[in-house]
Amino acid sequence: MRKRFLLLLFSAIAFTMNVNAQCVPNTSITQPGIYPDSATGLTPGTLNQPYNQVLQVKVPTDTNVVILGSLQNVTINSITLTSFTNLPPGITYVCNPANCVYPGGSNGCALLSGTPTQAGTFNPTAITTTSATLTAIGLPITQIDTIDYYTIVINSTSSGFNTNPALRFELFQNDPNPFSNFTDIKFTSSHQAIVTLKV
């Protein structure tokens, strides 16, 4: 009986860790694009502190491209995130859907998470492959794009409200962001206390 209880407990913990290591697509996003956009940018992090950043994706169903000097309509079959490089050491990514293939018209997300092991400014680069069909004649086309306009700043010290370690309080970016039904807001405090958070 005890072994069974421990096995169930271990399974529940592993399931919880797996769920926490994913993002939830925000289906309320209707405008195609990547969120946060380049103007908003990515959340800065702190060396040796947990980092989480959710990128929300809304894939268009179709778009217009110039082919041989003529504007043509194409139907988007899918956009695949084929790689994500130049992330801060200690940070990795996972997609939802897990294969990083976002069908045309769908909502998806990618979670950048981990514990950064090096301070500095990093310029992550995402490579995507778009699979589409030339609407007029049904010809399949493929396009590879590079997304390199984001930066992640990893600070060497805390950017919390107080730099005195004995009085430190840090509030971290909520996850997922944006959100519709729920979100996690994490914080750390150097001492035990009842905390009230107003949003």
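Amide H to amide H, which residues 5 or more places from Cys109 or on other chains are under 5 Å from it, using H placed in the peptide plane?
The list, which skips near neighbours in sequence, is Val57, Asn96.
Working out 0.36 nm times the residue gap between Ile127 and Ser28, then minus their Cα-Cα distance, what length gain in nm do you get to one decimal?
Computed gain between Ile127 and Ser28 is 33.1 nm.
On a full-extension model of 0.36 nm per residue, what is the gain between Asp148 and Ser70, subtracting their alpha-carbon distance, rounded to one decimal in nm?
So the chain would gain 25.3 nm between Asp148 and Ser70.
From a point 7 Å beyond the Cα of Asn48 in the direction of its Cβ, which residues of region 102-130 have a backbone N at a distance under 14 Å?
115-119
Could you pull out every residue, at least 5 positions away or on a different chain, whose amide H is within less than 5 Å of the one on Gly45? Hs are placed 1.01 Å off N in the peptide plane, and Pro or chain starts have none.
Under 5 Å from the amide H of Gly45 lie the amide H atoms of Val153, Ile154, Asn155, each far enough along the sequence or on another chain.
Amide H of Ser78 versus every other amide H placed in the peptide plane: which residues, excluding those fewer than 5 positions away on the same chain, fall under 5 Å?
Gly104, Ser131
Can you list the HN-Hα couplings for region 72-79, worked out from phi with the Karplus curve (6.51, -1.76, 1.60; θ = phi - 60°), rounded to whole Hz and with x for Gly and Pro?
10, 8, 10, 8, 7, 7, 6, 10
Grab the Cα-Cα distance for Ile141 and Ala39, subtract it from 0.36 nm times how many residues apart they are, and report the gain in nm with one decimal.
Length gained between Ile141 and Ala39: 33.7 nm.
Quick note: the coordinates plus some simple rules give every number you see, no bench work behind them. Please read all numbers here as calculations on a predicted model, not as lab measurements. Heads up, the Cβs are rebuilt from the backbone with ideal geometry, glycines too, and the neighbour counts pull from every protein chain shown.
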